[in-house]
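Any read-out appearing in this document is the output of simple, stated calculations on the displayed coordinates, not a laboratory observation. Bear in mind that the values here come from a model prediction, so they are computed numbers and not experimental data. Note: ideal-geometry Cβ built from the backbone for every residue, glycine included; neighbour counts use all protein chains shown.
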Amino acid sequence: MTKRPFALITFAFAAFAGIHTGPEIGAKMPDFQALDQDGKARTLTSLLGPKGAIVVVYRSADW
Amino acid sequence: MELQQNAGEFQKLGLTIVGLSYDTPAILHDFAERKGIHFPLLSDPDSKVIRQLGILNEEVPKDSPVFGIPYPGTYIVDEKGVIVAKYFEDDFKQRYTAADILVQRYGVMPESGKTEVQGKQLSAVAYASNSIVRTGQRIALVLDLTLKPKMHVYAPGVEGYIPIDWTMNDSEAWTTHDVAYPKPEILFLPAIEEKVPVYKDTFRLTRDITIGPDAKVKPALNAEGKFTVEGTLRYQACDDRLCYIPQVLKLTWSFQYEGFDRQRVPEALQRKAR
């Protein structure tokens, strides 16, 4: 229990409705730039496969 | 990790996988090593990209250690970066599994865990996108149905006949979403001069379920940590001469349940309130 304080905090927020889902279908995804897990700079464009990509946005890899 | 397990299928579809969260590269490195993740996990420690996308969770107080989290979700973009699909849940404790997206969007079927049920005029093969599940995951149940030659069943919306009907048993261990029905064929019955929507030969029904909260799934588990999801399929089959007695098939899906992953990165790497 003591190892997961973050999750417990966020559970309390779940009661509020009205999520944001970002750009709509048909819109271009912003070509963002970020470091990956190896510290390498990446852009969305540089990561696209022959048919595109599945971009999974999640809360955290650590809680 | 569920996404990594399905990486090969996305690769076959020509799609790369990109993860994005507010974790530091060090946290992501540790996580990727532990989980054997080979696709890029992008680091957005100041939630710049999350803000750029407009999905910052603003209900989190600014002084909270978790301020900066997004509303989690999944986008599919094409080779030009244009969004072609997105998957978000109102309740952000819930999420679509990668395997659910593979089944529902791409028709990619899992290879394991089939159950076959034989009815009188129809046989059903039941399977699920995921065989190991966690709380909050939205997964797909699939029914591949095959009718005997010259038989048909009625599609939803038919008048005066019993349409095929897939119901799920009530349980707090899961919630049920609507069935996706394929487009029916229109059959003309000359004897009575009627046009009716039907299914013939082989067709597929899918529906999602969302795995319930941990406290509701646990009581449903057996000694091996598995639980069973149950439903029924009701149908009336007819051929060109007569209709048969309506049938009810019992459907079951069995899942291995996985509890929370409580392992974290070493203390020194953990995110601090900022």
Check your understanding: If you take just the strands (runs of 3 or more DSSP E) that sit entirely in the range B:116-163, which of them hold at least 1 residues that are touching a helix residue (DSSP H, G or I) at 6+ places or on another chain (Cβ under 8 Å) and buried (at least 21 other Cβ atoms within 10 Å of the Cβ)?
Key -> B:137-147
Check your understanding: Of everything in the range A:25-57 that's among the small types (Gly, Ala, Ser) and in a strand (DSSP E or B), which residue is farthest from the other protein chains (Cβ to nearest Cβ)?
Key -> A:Ala41
Point to revise | Meets criteria (crowded, with 17+ Cβ neighbours inside 10 Å, among the basic types (Lys, Arg) and closer than 21 Å to A:Met29 by Cα) for B:Arg95 | key: yes
Review point. Exactly one of (1) of a type in the set (D, E, K, R); (2) over 26 Å from B:Arg262 (Cα atoms); (3) within 7 Å of chain A (Cβ to nearest Cβ) is unmet by B:Arg105. Its number?
Key: (3)
**Study point:** Any hit, the range B:54-76, residues being more than 7 Å from every other protein chain (Cβ to nearest Cβ), surrounded by fewer than 18 Cβ atoms within 10 Å (Cβ to Cβ) and closer than 21 Å to B:Ser131 by Cα
**Key:** no
Review point. Does B:Pro40 satisfy the condition of being more than 20 Å from B:Phe92 (Cα to Cα), within 8 Å of chain A (Cβ to nearest Cβ), of a type outside the set (A, V, I, L, M, F, W, C) and surrounded by fewer than 21 Cβ atoms within 10 Å (Cβ to Cβ)?
Key: no
Check your understanding: Do we find that B:Val196 is free of Cβ contacts under 8 Å to residues at least 60 places away in the same chain and assigned to a strand (DSSP E or B) in this structure?
Key -> yes
Revision key, fill the gap. Of (1) out of contact with any Lys or Arg (no Cβ under 7 Å at 6 or more places or on another chain); (2) without any contact (Cβ under 8 Å) to a residue 24 or more places away in the chain, B:Ala124 fails just (2)
